[in-house]
Amino acid sequence: MMNESPSARGVQRYIEEAKEVLLERERRWQRAKGMRFDTIAVHGLYTVDEAIKKNQGAIIEPLFLSSAQAYRDADELEAALSYQIPTWCYTRIHNPTLGYLEDTLALLETYGSDVRAGCCVYSSGMAAIENVTDTLLVRIGNERPNFVSQCQIYGGTFQQFNVRKMQERGIEVRWVLEPADIDEWRKKIDKNTRFLYAETPSNPGLQFFDLKPVIELAHSHGIPMVVDSTIASPALMRPLTFGADIVIHSATKVMSTSGMGMAGAVIARQPIVSNIPNGEMKADFALYLKRYPQRDQGGCLHPFQALMTLNDLRDLRHRVDRLSENALIVARFLASHPAVLEVNYLGLGDHPRHKVASDYFFLVDAEVDPRYQRPVNRYTHLLAFRPRGGHEAARRVFDRLQLIYRATDLGRVKTVATIPAISTHLLQGEECRQMACIPNDLIRLSVGAEDPQDIINDLKQALEGR
């Protein structure tokens, strides 16, 4: 039997060193799992001990702007690049600042459960969606993979699915028109279906449905449930705790409410359910994305933006509470105004999906918050309304806004409005907008943190033509 080479022995030395690093990380993870949501949002896995020993006592996570990591010798380089030891190597693959954000998001998205998850962050929510879906849409032999999605989704997601995947690449997306109908989901699944996709609540139509039966349906077919939970954020709903496999966020929105940058995130349970024969991918989907698809496609997040997003996250629960309270006040005003034909807000008692939304949307930790001391429903910052008079009337109301910004953004600290039919969902075309229940006279309103009376005053003068 041949003796081990000096190189192999050297690599093994670094592998043994890494075991203690991973053990300490596990201890910090378990400690963080016992903390409250707000504490996790503020600290993540960054500790006083790490600050003092590694970062000169910096109480805020450091920003690593270096694009590459140096290694002590060839053995450590080999161990790192073969993924045998923890490494960040090159910012297109990973970066310590990105790691702080990823740890925090994984902990927040699994809060209140024993679910273990990983996270991979991206340069945008659309990059996150592309990496997840493309990774799951692999061919097995001569099979032609397909996937099933509700049709009420963000316009950019619709275009990615309908045009980039189906029209340009021949990958079939099977649209579900009534996502509350479990039979419609069931009928669209076959042996080549790779995953089910939902956006809850949807943007801008605020479609919502009972997630748990659809998740169970996916798993009964051995496929994962993918949920875009951007609008709710983990402050109101955490789909992984209901059994979903993968959660996607446009962290540009609620998580980065300052509006100073873009980011996307994928948080995946360990392991995910999948009919793809790839054990490494199923065991830790987020890490697999980081090591392979993201590395090769390059949709990485800049470290500076990772730190900006991390800092925006610190008060997520309180901010979502405030924005949701404001949105309910504004929705009630709009519902009472004679110039408004229809208001779509899940927090209104007469909304057809209000009851099911009330089963899922709870302000996290409200029962231990001295202000509430009980479970509290909150229904997000997003609403939509239709002024009387059709599309032209909607444009006139829109153009009269003075305090509220006319823009395609949402989840901001400032209130923002848009008309989806001529902006976010314009490229879908009239037929597809009708399928997704987006009328031409719909105004989407993302309610901010201003005093709600000032938001109401602006809407009032716009509706009344003052």
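The values are calculated or read from the model by the stated rules, or taken from the named source; none is laboratory data. Not measured: the values here are computed from a predicted model. Virtual Cβ from ideal backbone geometry, glycine too; neighbours counted across all protein chains shown.
Can you work out which of the residues in the range 436-463 that are of a type outside the set (A, V, I, L, M, F, W, C) and assigned to a strand (DSSP E or B) is surrounded by the fewest Cβ atoms within 10 Å (Cβ to Cβ)? Show your work before the answer.
If we filter the range 436-463 for residues that are of a type outside the set (A, V, I, L, M, F, W, C), which is where we start, we get 439-441, 444, 446, 448, 450-454, 457-458, 460-461.
Next cut, assigned to a strand (DSSP E or B) only: 444, 446.
Working: Arg444: 25, Ser446: 29.
Per the criteria, the residue is Arg444.
Looking at the structure I just gave you, is Ala393 farther than 25 Å from Ala251 by Cα, outside the structural domain of Gln207 (by TED's automatic domain parsing), assigned to a helix (DSSP H, G or I) and touching a residue at least 12 places away in the same chain (Cβ under 8 Å)?
On the way: farther than 25 Å from Ala251 by Cα: yes; outside the structural domain of Gln207 (by TED's automatic domain parsing): yes; assigned to a helix (DSSP H, G or I): yes; touching a residue at least 12 places away in the same chain (Cβ under 8 Å): yes.
So Ala393 fits the description; yes.
Being in contact with a strand residue (DSSP E or B) (Cβ under 9 Å, 6 or more places away or on another chain) and over 17 Å from Ala421 (Cα atoms) is the filter; apply it to the range 367-404 and report the residue that is surrounded by the fewest Cβ atoms within 10 Å (Cβ to Cβ).
Restricting to residues being in contact with a strand residue (DSSP E or B) (Cβ under 9 Å, 6 or more places away or on another chain) and over 17 Å from Ala421 (Cα atoms), the top hit is Leu401.
Could you tell me which residue of the range 341-365 is farthest from Thr241 (Cα to Cα), considering only residues that are of a type in the set (Gly, Ala, Ser) and touching a residue at least 12 places away in the same chain (Cβ under 8 Å)? Even if it seems obvious, please write down each step before you answer.
Pass one, the range 341-365, residues of a type in the set (Gly, Ala, Ser): 347, 349, 357-358.
Subset that is touching a residue at least 12 places away in the same chain (Cβ under 8 Å): 347, 357-358.
Numbers: Gly347: 22, Ala357: 16, Ser358: 16 Å.
Ranking the candidates gives Gly347 first.
Quick check: anything in the range 269-285 buried (at least 23 other Cβ atoms within 10 Å of the Cβ), at pLDDT 95 or above and under 18 Å from Leu316 (Cα atoms)? Outline the logic, then answer.
Taking the range 269-285 as the starting set, the residues that turn out to be buried (at least 23 other Cβ atoms within 10 Å of the Cβ) are 269, 272, 285.
Applying the additional criterion that residues be at pLDDT 95 or above yields 269, 272, 285.
Subset that is under 18 Å from Leu316 (Cα atoms): none.
Checked the range 269-285: no residue is buried (at least 23 other Cβ atoms within 10 Å of the Cβ), at pLDDT 95 or above and under 18 Å from Leu316 (Cα atoms).
Conditions (1) assigned to a helix (DSSP H, G or I); (2) farther than 21 Å from Met281 by Cα, marked per residue:
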residue	(1), (2)
Glu102	yes, no
Leu107	yes, no
Cys119	no, no
Ile140	no, no
Asn162	yes, yes
Arg174	no, yes
Ala180	no, yes
Glu184	yes, yes
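Going by the conditions given, is Phe398 of a type in the set (Phe, Trp, Tyr), farther than 21 Å from Ile153 by Cα and part of a loop (DSSP other than H, G, I, E, B)? Step through it out loud before you land on a result.
Working: of a type in the set (Phe, Trp, Tyr): yes; farther than 21 Å from Ile153 by Cα: yes; part of a loop (DSSP other than H, G, I, E, B): no.
Answer is no for this residue.
Residues of the range 260-287 being over 23 Å from Gly411 (Cβ atoms) and β-branched (Val, Ile, Thr), which ones?
Start the filter on the range 260-287 by keeping residues that are over 23 Å from Gly411 (Cβ atoms), which leaves 269-285, 287.
Listed by number, the residues that qualify are Ile272, Val273, Ile276.
Take the range 70-114 and flag every residue that is over 18 Å from Ala263 (Cβ atoms) and surrounded by 18 or more Cβ atoms within 10 Å (Cβ to Cβ). First the steps, then the outcome.
Within the range 70-114, the first condition is being over 18 Å from Ala263 (Cβ atoms), and the residues that meet it are 70-87, 89-90, 110-114.
Answer for the range 70-114, where residues must be over 18 Å from Ala263 (Cβ atoms) and surrounded by 18 or more Cβ atoms within 10 Å (Cβ to Cβ): Asp75, Glu76, Ala79, Ala80, Ile85, Thr87, Thr110, Tyr111.
Hey, among Leu403, Leu382, Leu410, which residue is of a type in the set (A, V, I, L, M, F, W, C) and free of Cβ contacts under 8 Å to residues at least 60 places away in the same chain?
Working: Leu382 fails: free of Cβ contacts under 8 Å to residues at least 60 places away in the same chain; Leu410 fails: free of Cβ contacts under 8 Å to residues at least 60 places away in the same chain.
Result: Leu403 is the single residue among Leu403, Leu382, Leu410 that is of a type in the set (A, V, I, L, M, F, W, C) and free of Cβ contacts under 8 Å to residues at least 60 places away in the same chain.
Each row is one residue, and each column tells you yes or no for (1) surrounded by fewer than 20 Cβ atoms within 10 Å (Cβ to Cβ); (2) modelled with pLDDT under 95; (3) of a type outside the set (Val, Ile, Thr); (4) assigned to a loop (DSSP other than H, G, I, E, B).
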site: Leu196; (1), (2), (3), (4): no, no, yes, no
site: Pro204; (1), (2), (3), (4): no, yes, yes, yes
site: Ile215; (1), (2), (3), (4): no, no, no, no
site: Ile231; (1), (2), (3), (4): no, no, no, yes
site: Leu236; (1), (2), (3), (4): no, no, yes, yes
site: Val247; (1), (2), (3), (4): no, no, no, no
site: Gly259; (1), (2), (3), (4): yes, yes, yes, yes
site: Ala265; (1), (2), (3), (4): no, no, yes, no
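Return yes or no: is Leu334 outside the structural domain of Thr200 (by TED's automatic domain parsing), over 28 Å from Met35 (Cα atoms) and surrounded by fewer than 23 Cβ atoms within 10 Å (Cβ to Cβ)?
Values: outside the structural domain of Thr200 (by TED's automatic domain parsing): yes; over 28 Å from Met35 (Cα atoms): yes; surrounded by fewer than 23 Cβ atoms within 10 Å (Cβ to Cβ): no.
No; evaluated as a whole, the condition is false for this residue.
Looking only at residues that are of a type in the set (Lys, Arg) and within 26 Å of Asp454 (Cβ to Cβ) in the range 329-380, which one is modelled with the lowest pLDDT?
Arg371
Just checking, how many residues over the range 108-156 are over 19 Å from Ile231 (Cα atoms), of a type in the set (A, V, I, L, M, F, W, C) and in contact with a Pro (Cβ under 6 Å, 6 or more places away or on another chain)?
Residues meeting the conditions: 1.
Go through Ala51, Ala18, Ala41 for me and flag whichever is touching a Leu at 6+ places or on another chain (Cβ under 7 Å), small (Gly, Ala, Ser), part of a helix (DSSP H, G or I) and not assigned by TED's automatic domain parsing to the domain that holds Glu102.
Values: Ala51 fails: touching a Leu at 6+ places or on another chain (Cβ under 7 Å); Ala18 fails: touching a Leu at 6+ places or on another chain (Cβ under 7 Å).
The conditions single out Ala41.
Taking the range 63-81 as the region of interest, how many residues are of a type outside the set (A, V, I, L, M, F, W, C), assigned to a loop (DSSP other than H, G, I, E, B) and touching a residue at least 60 places away in the same chain (Cβ under 8 Å)? It would help to see each step written out before you state the result.
Residues of the range 63-81 that are of a type outside the set (A, V, I, L, M, F, W, C), as a first pass: 66-67, 69, 71-73, 75-76, 78.
Those still in the list that are assigned to a loop (DSSP other than H, G, I, E, B) too: 66-67, 69, 71-73.
Adding the requirement that they be touching a residue at least 60 places away in the same chain (Cβ under 8 Å) leaves 73.
Count: 1.
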